[in-house]
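Worksheet for the structure shown next.
Read-outs: derived from the displayed coordinates by stated rules, not from any lab. Only a predicted model underlies this, so the values are computations on that prediction, with no experimental measurement involved. Backbone-built Cβ (ideal geometry, glycine too); neighbour counts: all protein chains shown.
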Amino acid sequence: MSLLDLLASRAPRMKASEIRELLKLLDQPDIISFAGGIPDPALFPAQAIADAYASVLGGAEAGAALQYQVSEGYLPLRKWLAGEMGKLGVACDEHNIFITSGSQQALDYLGKLFLSPGDTALVTWPTYLGALQAFNAYEPRYDRLTPDGGNMTPAAYQAAAEASSTSAKEGGKVKFAYLVPDFANPTGETLNRQQREAVLDLAGELDIAVIEDAAYRALRYDGEAQPPILALDCERSGGIENARTLYCGSFSKILSPGMRVGWVCAPRRVVERLVLMKQASDLHSPSINQVVMHRVSEAVFDSHVEKLIDAYRQRRDGLLAALEAEMPDGVSWSRPEGGMFVWLTLPEGSDATALLARSVKEARIAFVPGNAFHADGSGRNTMRMSFTLADERAVGAGVPRLAKLMKG
């Protein structure tokens, strides 16, 4: 007998992330990578973080920072985050904030909280690969969320969910809509207010939750900021305690991904359930990282966002200009107002996965094939390019080589 014969039924749904595998290419110095959606480490506020660790460990907070923490998270950090949510139009307090080990843990917990095997999650086509990985363990089916509208009525969504159920006792329900409304991973697209309202309309008719992944919200380079879906929800429902939207935030794209600090802003009744999961999982996120993140955020968050915007705007513009100059006819791409990604669509019949294999071998260029972001594995003629590490050298050498490969 093999131990693999004892695995749970959900185990086959847990697959390696194509993006995490591609990140291994970064260790090869001759690879020009547009693959990983990661911040530039040269822009981390390393000195501010180092000073904060030294101050915390050398002061009166050292004991608390090295001790167990309440599962909800470090209180001063939760209060600071509640204040930041207030600036976005979400009136709340520290009881509505739950600290996680990165927003990826938040997605895992929310999948665990809402999904029974056979339930339906509504996701955009394409959607964030990490969300699919988090939800897959809870054995859902997926249906296509179209904020612009489409031929799927609430009744049609529910009928499809019920028809897919194989058990009379569980499954068969639509549970939530998941989306990245600002500078989406992978497309870079942003929903306007009308589209956000339409998502809330659909969620209201289906009586489901909305999971708003706001990992990139602060990184806006052009255009007018749109209100969070949670803010619109609070306006409609009369406040956060009546809202159906669960807002997932993260410090990873702004201050440090390695510190693994994210959060959920939600009604208290949801936070209380998430706390129970935290207690059964890892008790709490690392205390010292929360204490340090609070100090650094209070000191430099806004100014550091401006620094990132200046740097990443130039890199986005450089990548877009290079694509315009080099890409062959039949290739189109998004023009994001912020975030980290440009989404390319190749001519019908193209296979970006096959192109990647050739690109790494022949041109030493890496990107992410688009089918990884589709719940049904479609979108084989699409690909994602990240510009956060794309300096002038990478763009100037990488895009022409990639375009030449496409033309050949």
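The phi-based Karplus calculation (6.51 cos²θ - 1.76 cosθ + 1.60; θ = phi - 60°) puts the 3J(HN,Hα) values of region 216-221 at 10, 3, 6, 8, 9, 9 Hz, whole numbers, x for Gly and Pro.
Under 5 Å from the amide H of Thr100 lie the amide H atoms of Gly262, Trp263, Val264, each residue being 5 or more positions distant or on a separate chain, with H modelled from the backbone and absent for Pro and chain starts. Loop-located trypsin sites (Lys or Arg not before Pro) across region 155-256 with a Cβ neighbour count of 13 or fewer within 10 Å are Lys169, with loop assigned by DSSP. Under a 5 Å amide H cut-off, with hydrogens placed 1.01 Å from N, Gly338 pairs with Tyr221 among residues at least 5 apart or on other chains.
Once backbone amide H atoms are built at 1.01 Å from N, Trp333 has Thr345 as its partners under 5 Å, excluding neighbours fewer than 5 places away on the same chain. Are any of the pairs Lys87/Lys112; Lys112/Lys173; Lys79/Lys175; Lys175/Lys253; Lys79/Lys307; Lys361/Lys407 more than 19 Å apart by Cα-Cα distance, and if so, which? Over 19 Å Cα-Cα: Lys87/Lys112; Lys79/Lys175; Lys175/Lys253; Lys79/Lys307. When the helix-only estimate is applied to the chain (DSSP H runs of n ≥ 4, each -39,500 (n - 2.57), divided by the residue count), what is the mean residue ellipticity at 222 nm, nearest 500 deg cm²/dmol? About -13000 deg cm²/dmol.
Between Leu4 and Asp201, the modelled labels are 4.9 nm apart [label points 7 Å from Cα along Cα→Cβ].
Taking the DSSP bridge list for region 63-299 and keeping only pairs wholly inside it, about 35 percent are antiparallel.
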